[in-house]
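One structure below.
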Amino acid sequence: MNVNRRKFVGAAGGVALISVAPVRQALAAPEYRYKYANNLPPTHPMNVRANEAAKAIAKETDGRFELAIFPSSQLGSDTDTLSQLRSGAVEFFTLSGLILSTLVPASSISGIGFAFPDYDAVWQAMDGQLGAYIRKEIEGKGLVVMDKIWDSGFRQVTTSNRPINGPGDFKDLKIRVPVSPLWTSMFQALGAAPASINFNETYSALQTRVVDGQENPLAIIQTAKLYEVQKYCSVTNHMWDGFWFLANRRAWEKLPKDMQAVVAKHINAAAMGVRADVLALNNELQTQLAQQGLTFNKPEPGPIRDALRNAGFYKDWQGKYGEKAWGLLEQSVGKLS
């Protein structure tokens with residue numbers, strides 16, 4: 001089943017496209033019932049594709065494996081759920097590499113500000129040597145990670161008080177960022193005042209003006225209804241973001257090898273589906289969000305990148321990641337520092 005883009009955009013107003021109830025086969029009670037947690041709404045392509053994967057896995061395993069999906073941070077914040085994943089209370093979790101960096105520092109390198117010019121460069125890196133390097137680092141922390149990273153999209157800045165037309169517009173901007181040093185570092189280098197807030201608290205933080213802005217891909221801005229509490233959307237494409245599909249190692253190793261293969265096959269296929277969905281949705285979502293009240297503009301990236309370079313942002317992070325990881329990034333995007 002393909003994601004119907006028109007239905008997705010309409011459903012983001014409040015009608016869920018998927019059932020998040022556990023997928024059960026009538027053939028037999030499942031031998032394995034694993035929880036999959038994520039922080040996105042049910043209407044987001046991630047959950048649509050995950051639901052398809054759950055059904056396909058149940059069918060191919062004759063009902064022996066059930067993937068129970070818990071969207072919208074139902075099982076806790078990102079940091080809480082990562083702890084649950086590591087303890088085994090949750091078996092699967094999709095998490096941005098930028099947030100995972102609190103445990104696996106190398107995982108945030110894919111989010112270096114203004115590094116990727118387009119998707120060709122993203123997939124060259126993430127399906128290539130840089131992605132392999134990051135997966136090895138994740139596995140070194142005792143987690144299992146699937147081969148294909150799920151696309152979250154290029155991130156844009158929304159604000160309630162002014163659009164971002166150039167680097168000067170970031171000065172003193174109170175902006176929500178995820179709980180990750182890379183975001184804080186980047187926006188501080190631009191003169192903003194970043195506040196680390198978990199995603200499930202972002203809407204209320206914007207509504208109550210704890211912060212005046214935030215940054216996320218368009219699909220998340222839409223499904224989380226952030227257009228209700230923001231006025232401007234500046235198409236900065238300042239970071240690319242993706243979700244690693246993580247598994248608790250002990251839970252994964254309990255599965256028979258043939259079942260591991262089935263689960264991994266369908267999860268990786270779902271990741272590829274999400275990549276196509278997010279790409280196709282971007283233009284349609286910009287039109288829809290404009291109709292819902294957001295005013296769009298597109299600043300030139302060059303002056304903002306220059307401001308970061310002059311502030312020492314790239315040089316600092318090159319030192320943190322090390323020459324090997326930085327070299328793999330620059331193989332795909334060119335010289336940064």
Suppose all protein chains stay in the model; what accessible area per residue would a 1.4 Å probe give for the stretch 267-337, in Å²? 49 Å²
Calculate the radius of gyration of the Cα atoms of the chain to one decimal place, then report Dmax, the largest Cα-Cα distance, as a whole number, both in Å. 19.5, 63
How large is the accessible surface of Glu228 in square angstrom, using a 1.4 angstrom probe and rounding to the nearest 10? 100 Å²
Probe 1.4 Å, heavy atoms of protein chains only: per residue, the accessible area of the stretch 40-82 in Å² is 29 Å²
Which percent of the accessible area of the stretch 148-210 is formed by carbon and sulfur heavy atoms (probe 1.4 angstrom)? 49 percent
How much of the accessible area of the stretch 259-304, in percent, comes from carbon and sulfur atoms when a 1.4 Å probe is used? 57 percent
Which whole-number value in Å³ per residue fits the convex hull of the alpha carbons of the stretch 64-132? 140 Å³
Restricting things to alpha carbons, tell me how big the stretch 103-155 is in terms of Rg and Dmax, in Å. 11.2, 33
Hand me the trypsin sites (Lys or Arg not before Pro) from the stretch 293-337 located in a DSSP loop with no more than 15 other Cβ atoms within 10 Å, in residue order please. Lys335
Calculate the length of the line joining the C-alpha centroid of the stretch 321-337 to that of the stretch 226-279, in whole Å. 24 Å
The chain, relative contact order [Cα under 8 Å, separation at least 6], %: 24 percent
If I build a Gaussian network model for the chain, linking alpha-carbon pairs within less than 10 angstrom, which residue out of Ser101, Ser204, Ser110 has the largest mean-square fluctuation? Ser204
Along principal axes, largest first, the alpha-carbon spread of the stretch 90-183 in whole Å comes out as 43, 31, 18
For each pair in Lys35/Lys324; Lys171/Lys225; Lys148/Lys174, compute the distance between the two Cα atoms and list the pairs where it is over 28 Å. Lys35/Lys324; Lys148/Lys174
Nearest 10, in degrees from 0 to 90: the angle of helix 257-291 to the longest Cα principal axis of the chain is 40 degrees
Rg/Rh ratio calculated on Cα atoms of the stretch 215-284 (Kirkwood radius): 1.13
How are the Cα pair distances of the stretch 101-242 distributed, in percent, across 10 Å bins from 0? 11, 41, 33, 14, 1
The value for the stretch 160-287 (convex hull of the alpha-carbon atoms, volume per residue, Å³) is 124 Å³
Whole Å is fine, so just give me how far the alpha carbon centre of the stretch 80-158 lies from that of the stretch 167-186. 20 Å
Two-decimal Rg/Rh of the stretch 256-296 from alpha-carbon positions, Kirkwood Rh? 1.36
In Å², what does the accessible area per residue of the stretch 113-188 work out to with a 1.4 Å probe? 36 Å²
What fraction, in whole percent, of alpha-carbon pairs in the stretch 58-104 exceed 12 Å separation? 66 percent
Among Gln222, Trp244, Ala192, pick out the residue whose Cα is farthest towards the positive end of the charge dipole of the stretch 126-270, where Lys and Arg carry +1 and Asp and Glu carry -1 on C-beta, about the Cα centre. Trp244
Give me Rg/Rg_expected for the stretch 249-337, where Rg uses Cα atoms only and Rg_expected = 2.2 N^0.38 Å with N residues. 1.71
If I fit a long axis through the Cα atoms of helix 78-87 and take the longest principal axis of the Cα atoms of the chain, what angle between them do I get, 0 to 90°, rounded to 10? 40 degrees
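The values are calculated or read from the model by the stated rules, or taken from the named source; none is laboratory data. Since we're looking at a predicted model, the values are computed, not measured. Every residue, glycine as well, gets a Cβ built from its backbone with ideal geometry; the counts of neighbours run over all protein chains shown. Each accessible area value is taken on the protein alone, full model and side chains, heavy atoms only, with ligands, DNA and RNA left out. Shrake-Rupley method; radii C 1.70, N 1.55, O 1.52, S 1.80 Å.
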